[in-house]
Every structure is written in C-alpha cells, then in structure tokens.
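To keep things clear, I will list the structure first and then write my remarks on it.
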Amino acid sequence: MDGDRIEATVTRQKAAVAERRLRFGLEERKGALAHLRQTIERRERDIVEALRRDFGKPEPEVILTEILPVLQEIRHTMRHLKRWMRERRVAPTLATLGTSARIRPEPRGLCLIIAPWNYPFNLALGPLVSALAAGNSAVVKPSEMTPATSQVIADIIEETFPPDLVAVVQGGREVSQQLLDQPFDHIFFTGSPEVGKIVMAAAARHLSSVTLELGGKSPTIVGPGADLDKAARWIAFGKFVNAGQTCIAPDHVFVHRSIEARFSEALRAAIRHAYGADPQASRDYARIVNAHHAERLRGLLQDATDKGARISFGGEAEGTYLAPTLIEAITPQMDIDREEIFGPVLPIMAYDGLDEVINRINARPKPLALYIFEKDAAFAEEIVARTSSGGVGVNLTTMHYSHAGLPFGGVNNSGIGAAHGYFGFQAFSHVKPILKERWSAVPMLFPPYRPRVERLIRIAKRFLG
Ligand SMILES: NC(=O)c1ccc[n+]([C@@H]2O[C@H](COP(=O)([O-])OP(=O)(O)OC[C@H]3O[C@@H](n4cnc5c(N)ncnc54)[C@H](O)[C@@H]3O)[C@@H](O)[C@H]2O)c1
C-alpha cells in the first residue's frame, strides 16, 4: 500500500472517531465482537490452511494457540464489557466536599495494531478485540512474514467491518514506518524489543500512547524438589510448541545439579513422547517460519558448538526443519547466551545455589516470563520476590497467557503495558475523571487574599495538609 492510501485510510477513520463516540455504545461494541466471532468461525478452515502454508503449523496447534485465544478473548469481553464500561463513582475527599466525582473510561480514538509473525492470527486479532471493546477504531498491520495468514486476516476484517472502523494494511517495515508517521492516538505493538524502541520513538513524535508487547530470554528454574516428569512435560510443551517460536517459551533452563541427569532424561522422554523418535515425520511439529530464521538458528548452534557447547539431543536440520534440540556447556561468550533464541533449541545449565541463578537473571534485561518448577512453595516465593519479570509460571509454562483475568505483558525490555481481558480494555481506554461542583466551599479561598481568606487558607492547610 502506498503512502497516499495509508493517509486516506487513517483520515477516513479519524473523521469517524468523533461521531462514533456517541453511537458506539455497549450494544454496538458487543455486536461488532459477535460479528467478528461469526466470521472467524465461518473462516476456520481458511485460517488453518493459511497457517499450514505459512509455517506448517499443525491444525490442533492452530486451534489451540491461534483461534481459541481470540474466541476466548471475545467471549470473556462480551461477558464483562458492561461492567468494564460502567462509570465509577468516587466519594469526595475532605478537600472536595460538596462535589461529585466519577471516572469514565473513554475510547482513546484511532489505534494502530502492529503484529508479529509467530502467532500471526492471535496477536493481530486479540488486541483488536480489546480495541473494539473500548470503542476505538483500528488499523491492523499484520506481519509480512506470514502472507497467507495476513491475507485471511484482511479478508475477515473486510467482510466484518466498515473500513472507517477497522482496516487492514499489509506490508513490511516501510509500510509499518509510513503508518507510524500518522498521528495515532494509541499504538499497540507486539514484536521484538529492537523494533519496540523504533515504535516508541515514532510514537513520541505525536505523543501517541503505547502498549509494547515485546520478547526476551525467559529463564526457567528447576529446583531440587521439582516433580521432574511434570516439569519435563511442561517445559517440552512450552519450548517446542510452534517449534520454539513463542515469546513466552522457556528460553533456557537452570537445573539444580543434584537432579541434572534425571531431569535431562525426563526431558528427552517428554520430547519423544510428544513428537516420536523422528520429529521431522511428526504432524504435530511445526517448522521455522522461513529460511532466514532457520539459518539464524543454525548459526546460533554453530557458534555455540564452535565455542565448546555440546548438543546432547536433536540438532538435526533440513530446510526449515530443526529438531527439538538440547544443548549443554553454554558460556557467556556464546551468542545463544545473549540473543533471544526463538526456536526449538534449549540450553540446559546446572546450578548449585539459588543466589547464582538469581544474580544471573537480575544482571540481564527483565524477561517476559519466568518459570519455576519446585514442590517447596518457599523456593518459588523467594525467586518471585527477588526477581522482576513480565509474568511468572509456577510448575507450568505458557499457561498464564490463557488466564483471561490476568494482565499479560512485559516489564521494561520485555514490554510496557498489558493486554488481555480488562487489562486490554484499559490499554485502549483513557480513564477520564469528571468532577462536578454542588456546594463546594472552595470559592471562599479565592483571591483577593484578604486577612480572613488567608486565615482560612492556613486553617485548610492545618486540617487538610
Ligand atoms: N510479548 C508478546 O506478546 C509477544 C508475542 C509474540 C512475539 N513477541 C516477540 O516478537 C518477536 C518476534 O516477532 P517478529 O520477528 O515479527 O518481530 P519484529 O519486531 O521483527 O516485527 C514485528 C512487526 O513490526 C514490523 N516491523 C519490523 N521492523 C520494523 C521497523 N524497523 N519499523 C517499524 N515496524 C517494523 C513488522 O513488519 C511486524 O509487523 C520476538 O522478540 C518475540 O519475543 C512478543
């Protein structure tokens, strides 16, 4: 799409924003969400097929990780929207006696949603649910790396919404940057921390508010008292679902030295159980999104093994296939220890004392997720208290994403703001305080400051300050 068409799309939406404030109430928003749900359900086959074409995503995985989360977001939002939209009365404080106060969530207005390629359907339409729930219009920019899915998203939106409410703009970096030149009221970006910084700098030009859902290296700690089979199953799922291309995948594992060998064995068994002896032949194992990323991952493995790391499981690669891979003897000199892996390669590092692990985590940018496996609750509590991360999973991985009542997001390098349910609604709303005068005494303190007024001001300071 060229710059003029982008500008025309944005101008048309902008013109409709003011008028929509009056007529896009609870029923209209619920109607829009119900309509979106119907189109998604009708187009389910096309969605499954597009994701298979884009990166061989197994159908059950498409349903579990792409379609279900969006439908769940719609269901949860429709059920609670009335309450979320309600104005909240606030009791007067002593200083504001004689007034009535309320807080009214209002649409931010014109929103831009930029999505990544790894869950291209879920991460484009999930935020759109929250944007519509909060009464906004939106331009959605899906990822150029998943063209078939981006086209299905465009078709679904065209079928469901007038373009002055929701429009899709397809394209890559240049198109994204042209969009970022426009004066959006809010930008909801999901992607890498590097591009997140570009988005935030662009947002600063218009002082657009931002929600940034970013990535990073999410650590996993397996304590000496962990249920090893359970830990292995959850870690294998979280790491190898979508062939590791998951923002909240365990990036690497710290395992207590006393159980290292047993954990490693349990993890291999869990991988074999999920994907068989030859994962390349499994219909349940996805591919790397494209040749560039497959090459990047092979490069990470090569760099690590050149510098002394040992592949203890997997490692086979062909085209965009990369086997579930376990790698050991990682050192800080290796790229794999610095970069977000974002693929099916899991470094396993033995540790002796918890301080060592916590110091390593705290020396790095704050992760999006942190996982702890241990039966002793105090062990997990200590880690939670001494580290900062977007979210925490105890004795599970990735599932905190699916809890509609929890905020989902990162902290600093892993993100700013939160998504999902009420928190997504809030991200796309401005909470506006409205204070109305009834019989306030404050005008008694207005100038001219005669001695009596000054005395009153001093009394006010004594009693209210
Ligand atoms: N926090 C989350 O919810 C979440 C979810 C999924 C992925 N991620 C993160 O996303 C990253 C992987 O996704 P990706 O590779 O698609 O991310 P990316 O940052 O490369 O791209 C994301 C989007 O930004 C656009 N873009 C790319 N370069 C741009 C530029 N210079 N200027 C403006 N726009 C640009 C792309 O077209 C795409 O639509 C990983 O870091 C992962 O952890 C985070």
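The values are calculated or read from the model by the stated rules, or taken from the named source; none is laboratory data. Predicted model only: the values in this text are computed from it and were never measured. Please note: Cβ atoms are built from the backbone with ideal geometry, for glycine as well, and neighbour counts cover all protein chains shown. Each accessible area value is taken on the protein alone, full model and side chains, heavy atoms only, with ligands, DNA and RNA left out. Shrake-Rupley method; radii C 1.70, N 1.55, O 1.52, S 1.80 Å.
Hey, if you put +1 on the Cβ of every Lys and Arg and -1 on every Asp and Glu Cβ in the chain, which of GLY319, ILE221, ALA124 ends up farthest toward the positive end of that dipole?
ALA124
How large is ³J(HN,Hα), in whole Hz, for each residue of segment 387-396 in order, when computed from phi with the Karplus curve 6.51 cos²θ - 1.76 cosθ + 1.60 and θ = phi - 60°, using x for Gly and Pro?
10, 10, 8, x, x, 9, x, 10, 6, 7
Report the full-extension gain for the segment GLU194 to GLU159: residue separation times 0.36 nm, less the Cα-Cα distance, to one decimal in nm.
Values: separation 35, 0.36 × 35 = 12.60 nm, distance 3.39 nm.
Taking GLU194 through GLU159 to full extension adds about 9.2 nm, to one decimal.
Given H placed 1.01 Å from N in the peptide plane, which residues other than close sequence neighbours of ILE341 have an amide H under 5 Å from its amide H?
Long-range HN contacts for ILE341: none found.
How many nm separate the modelled label positions at ARG462 and HIS273, each set 7 Å beyond the Cα in the direction of the Cβ?
Rounded to a tenth, the inter-label distance reads 7.4 nm.
In nm, what is the difference between 0.36 nm times the number of residues separating GLU41 and HIS80 and their Cα-Cα distance?
On the way: separation 39, 0.36 × 39 = 14.04 nm, distance 2.14 nm.
Working it through step by step, the gained length comes to 11.9 nm.
Quick one: what Rg and Dmax do you get for segment 109-156 from the alpha carbons, in Å?
Radius of gyration, then largest Cα-Cα span, for segment 109-156: 10.3, 30 Å.
For an R0 of 30 angstrom, estimate the FRET efficiency from the Cβ-Cβ distance between ARG452 and ARG102 and round to the nearest 0.05.
Values: r = 34 Å, r/R0 = 1.12.
For ARG452 and ARG102, the calculated efficiency is 0.35.
Under a straight-distance cross-link criterion of Cα-Cα below 25 Å, which lysines are reachable from LYS217, leaving out those fewer than 8 residues away in the same chain?
Answer for LYS217, where 25 Å is the Cα cut-off: LYS57, LYS197, LYS230, LYS239, LYS307, LYS366, LYS375, listed by chain and number.
Size of the dipole of the chain about the Cα centre, Lys and Arg at +1 and Asp and Glu at -1 on the beta carbon, nothing else charged, in debye to 20?
Numbers: 58 positive and 53 negative charges, 611 e Å.
The calculated dipole for the chain is roughly 2940 debye.
What is the percent carbon and sulfur in the accessible area of the chain, measuring with a 1.4 Å probe over the protein chains and ignoring ligands?
Values: 11640 of 21170 Å².
Heavy-atom surface of the chain belonging to carbon and sulfur, 1.4 Å probe: 55 percent.
Name the shape class, rounded, prolate or oblate, that the alpha-carbon gyration tensor gives for segment 132-202, where a ≥ b ≥ c are the square roots of its eigenvalues, rounded holds for a/c under 1.5, and otherwise prolate holds if a/b is larger than b/c and oblate otherwise. List each step's numbers first, then the result.
Details: a/c = 2.00, a/b = 1.26, b/c = 1.59.
Oblate is the answer for segment 132-202, as a/c is 1.5 or above yet b/c matches or exceeds a/b.
So how exposed is ASP46, as accessible area in Å² (1.4 Å probe, rounded to 10)?
About 60 Å², rounded to the nearest 10.
Where both partners of a DSSP beta bridge lie in segment 217-400, what percent of those bridges are antiparallel, to the nearest 5? Write down the numbers at each step before the final one.
Numbers: 5 of 23 bridges.
Counting only bridges with both partners in segment 217-400, antiparallel ones make up about 20 percent.
Relative to the Cα centre, what is the charge dipole magnitude of segment 217-400, using +1 at the beta carbon of each Lys and Arg, -1 at the beta carbon of each Asp and Glu, and rounding to the nearest 20 debye? Can you show the working numbers first?
Values: 20 positive and 24 negative charges, 57 e Å.
Computed charge dipole of segment 217-400: roughly 280 debye.
By its C-alpha gyration tensor, with a ≥ b ≥ c as the square roots of the eigenvalues, how is segment 76-193 shaped: rounded for a/c under 1.5, else prolate for a/b larger than b/c, else oblate? Working shown, then result.
On the way: a/c = 2.79, a/b = 2.20, b/c = 1.27.
Here segment 76-193 falls in the prolate category.
Any lysines with Cα under 21 Å of the LYS14 Cα? List them, leaving off those in the same chain fewer than 8 positions away.
Leaving aside lysines fewer than 8 places away in the same chain, those within reach of LYS14 are LYS141, LYS432.
With each run of n ≥ 4 DSSP H residues scored as -39500 (n - 2.57), what mean residue ellipticity at 222 nm is computed for the chain after dividing by its residue count and rounding to the nearest 500 deg cm²/dmol? Intermediate results must be reported in sequence, preceding the final value.
Working: 16 runs with 205 residues, N = 465.
Helices in the chain give a 222 nm mean residue ellipticity of -14000 deg cm²/dmol.
Amide H to amide H under 5 Å from MET349: which residues, 5+ apart in sequence or cross-chain, H placed 1.01 Å off N in plane?
VAL253, PHE254, VAL255
Can you give me the Rg/Rh ratio for segment 217-400, using Cα atoms for both radii and the Kirkwood formula for Rh? Don't jump to the answer; show the numbers that get you there.
On the way: Rg = 15.2 Å, Rh = 16.2 Å.
A ratio of 0.94.
How big is Rg to Rh over segment 408-465, alpha-carbon atoms, Rh as the Kirkwood inverse-mean-distance radius? Spell out each step's value before the answer.
On the way: Rg = 21.5 Å, Rh = 15.7 Å.
Result for segment 408-465 is an Rg/Rh of 1.37.
List the residue ranges in the chain for DSSP H helices whose C-alpha atoms run 15 angstrom or more along the long axis and whose Kyte-Doolittle average is 1.0 or above. Working shown, then result.
Numbers: long enough: 3-23 (30 Å, -0.87); 26-42 (24 Å, -0.95); 44-55 (17 Å, -0.87); 68-85 (24 Å, -0.56); 122-133 (16 Å, 1.54); 147-160 (20 Å, 0.25); 193-206 (20 Å, 0.35); 228-240 (17 Å, 0.17); 260-275 (22 Å, -0.36); 291-306 (22 Å, -0.86); 451-464 (19 Å, -0.11).
In the chain, the long hydrophobic H runs are 122-133.
If you count, for each residue, the other Cβ atoms within 10 Å and average over each peptide, how do 165-176, 146-157 line up from highest to lowest?
Highest mean packing first, the order is 146-157, 165-176.
Farthest toward the dipole's positive end in the chain, which of GLY25, ILE153, PHE237, given Cβ charges of +1 (Lys, Arg) and -1 (Asp, Glu) about the Cα centre?
The one lying farthest along the dipole's positive direction is GLY25.
Between VAL384, SER282, HIS80, whose Cα lies farthest towards the positive end of the dipole of the chain when Lys and Arg beta carbons carry +1 and Asp and Glu beta carbons carry -1, centred on the Cα centre?
Most positive-ward Cα: HIS80.
Using a simple spin-label model with points 7 Å from Cα along the Cα→Cβ vector, what separation in nm is obtained for GLN280 and VAL442?
Using points 7 Å along Cα→Cβ, the separation is 7.3 nm.
At 7 Å along the Cα-to-beta-carbon direction for both ARG53 and ASP376, put a label point, then send me their distance in nm to one decimal.
Rounded to a tenth, the inter-label distance reads 5.5 nm.
Please list the equivalent ellipsoid semi-axes of the chain, computed as the square roots of five times the alpha-carbon gyration tensor eigenvalues, in descending order and whole angstrom.
Values: eigenvalues 389, 181, 75 Å².
The equivalent ellipsoid of the chain has semi-axes of 44, 30, 19 Å.
Collect residues whose amide H, placed 1.01 Å from N in the peptide plane, falls under 5 Å from the amide H of LEU396; neighbours closer than 5 in sequence don't count.
For LEU396, the qualifying residues are ILE372.
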